[in-house]
Amino acid sequence: MRRIFKQAMLVLFLLSGSTYAWNDTGHKVVSRIAWEYMTPQTRAKVIALLMSAPSDADLANLLATDARPQPVREREFFLRASTWADMMRDGKFSARREKYHQSPWHYINFFWESAPDGTPRDRADMKAEPENIVVRLQLLQSMLADASQEQSQRAIALAWVLHLVGDIHQPLHNSARVTATEPEGDRGGNLFTLDTTGARVRNLHSFWDGILNLTFNQKPVESDEAFINRIAQSIVVHHPQAKMQSRLKPGEFAAWAREGDASAKSAVYPSWLRRYEMPPEKYRKRAYRVAEPALALAGYRLAEMLNRLFAS
Ligand SMILES: [Zn+2]
């Protein structure tokens, strides 16, 4: 019975069009976890800095001005700011997109292939592009650490950090699998087609991007805020911060990316995964077992990074 219900929900989800922000859930959950572990001082400084973004970036106006208490609106603003980098993709605002959208910043291509016996091995002859998420996180961190930089530019850098710390924990943002059909790599699973009928989960990359929406169902009466809170809480309960302290590796962005690369090699492409069909429920479970601790780490790492950058 439960399985039938879940499958029905999955179908509903796939048919639901653009009613809710699809890629946003993961970023907002990471930020929601981070917010919980940020000091009051860090929170205040982060909000103030985001508010000093240039007006053409449409970042500061993500802070709602309704009658809800200020702390509630500020927390929501922080969550929304983590999705700002994806908003900049919108082609309807071409000048804004031209100025702020940076496609190569969102990922790094570590090229690898399966040996004939199935063992993954790196393609040492294929190098990641010089502009990538690891390099960019380093530069953004330096910019944030430098108070002499213009505040408006540091605000943009901060929004990027909120986003990219999330992205680097999605295994397929750190992987380019090389096969006979994808000799230049599969672009983080984007070339591994699952569905051609126009459903939201088109390929392996979008499956992983949307793993939270495939795992949690927002109840009709549940606000977006309550939905995000519920997911974040479930993740934190399963992976408490105290138990992940030794894994934080502050500032070691290349190591973070290699964790995603390792997950991509070990968990993303089981031999029984088929192209041109939705993965079975056992694949969804397998993916969530990998994604859940990664999302927890992303939240804890983001909090640690911001607390460090905004201390005193
Ligand atoms: Zn992204």
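The values are calculated or read from the model by the stated rules, or taken from the named source; none is laboratory data. Quick caveat, the model's predicted, so the values are computed rather than measured. Every residue, glycine among them, receives a Cβ derived from its backbone with ideal geometry; neighbour counts consider all protein chains shown. Quick note on the areas: whole protein, heavy atoms, side chains included, nothing else; ligands and nucleic acids left out. Shrake-Rupley method; radii C 1.70, N 1.55, O 1.52, S 1.80 Å.
If the Cβ limit is 9 Å and pairs must be 6+ apart or interchain, which residue in the stretch 153-168 that is without any contact (Cβ under 8 Å) to a residue 60 or more places away in the chain and assigned to a helix (DSSP H, G or I) pairs with which residue that is within 15 Å of the ligand (Cβ to nearest atom) and of a type in the set (A, V, I, L, M)?
Between residues of the stretch 153-168 that are without any contact (Cβ under 8 Å) to a residue 60 or more places away in the chain and assigned to a helix (DSSP H, G or I) and residues that are within 15 Å of the ligand (Cβ to nearest atom) and of a type in the set (A, V, I, L, M), the close pairs are ALA157/LEU140.
Would you mind finding the one in ASP146, ASP167, ASP122 that is within 16 Å of the ligand (Cβ to nearest atom) and of a type outside the set (Ser, Thr, Tyr)? Break it down stepwise before answering.
Details: ASP146 fails: within 16 Å of the ligand (Cβ to nearest atom); ASP122 fails: within 16 Å of the ligand (Cβ to nearest atom).
On inspection, the qualifying residue turns out to be ASP167.
Got a sec? Which of PRO279, PRO250 is in contact (Cβ under 8 Å) with a residue 40 or more places away in the chain, part of a loop (DSSP other than H, G, I, E, B) and open to solvent by less than 20 Å² (accessible area, probe 1.4 Å)?
Details: PRO250 fails: open to solvent by less than 20 Å² (accessible area, probe 1.4 Å).
Exactly one residue qualifies, and that residue is PRO279.
Kindly indicate which of ALA242, ALA226, ALA287, ALA255 is within 20 Å of GLY188 (Cβ to Cβ) and either exposed (fewer than 15 other Cβ atoms within 10 Å of the Cβ) or among the hydroxyl-bearing types (Ser, Thr, Tyr) (or both). Walk me through how you get there before you give the answer.
On the way: ALA242 fails: within 20 Å of GLY188 (Cβ to Cβ); ALA226 fails: within 20 Å of GLY188 (Cβ to Cβ); ALA287 fails: either exposed (fewer than 15 other Cβ atoms within 10 Å of the Cβ) or among the hydroxyl-bearing types (Ser, Thr, Tyr) (or both).
Answer to the check: ALA255.
Note down all Cβ pairs under 8 Å where the first residue falls in the stretch 216-229 and is touching a residue at least 60 places away in the same chain (Cβ under 8 Å), the second is aromatic (Phe, Trp, Tyr) and surrounded by fewer than 16 Cβ atoms within 10 Å (Cβ to Cβ), and they're at least six residues apart or on different chains.
Cβ pairs passing all conditions: GLN218/TYR20; ASP224/TYR20.
Considering only residues that are within 16 Å of the ligand (Cβ to nearest atom) and among the aromatic types (Phe, Trp, Tyr), look in the stretch 58-117 and name the one that is most open to solvent (accessible area, probe 1.4 Å).
Out of the qualifying residues, it is TYR107.
Looking at the structure I just gave you, is ARG136 within 12 Å of the ligand (Cβ to nearest atom) and either out of contact with any Ser or Thr (no Cβ under 7 Å at 6 or more places or on another chain) or farther than 22 Å from ARG301 by Cα (or both)? Reasoning before the result, please.
Details: within 12 Å of the ligand (Cβ to nearest atom): yes; either out of contact with any Ser or Thr (no Cβ under 7 Å at 6 or more places or on another chain) or farther than 22 Å from ARG301 by Cα (or both): yes.
So ARG136 fits the description; yes.
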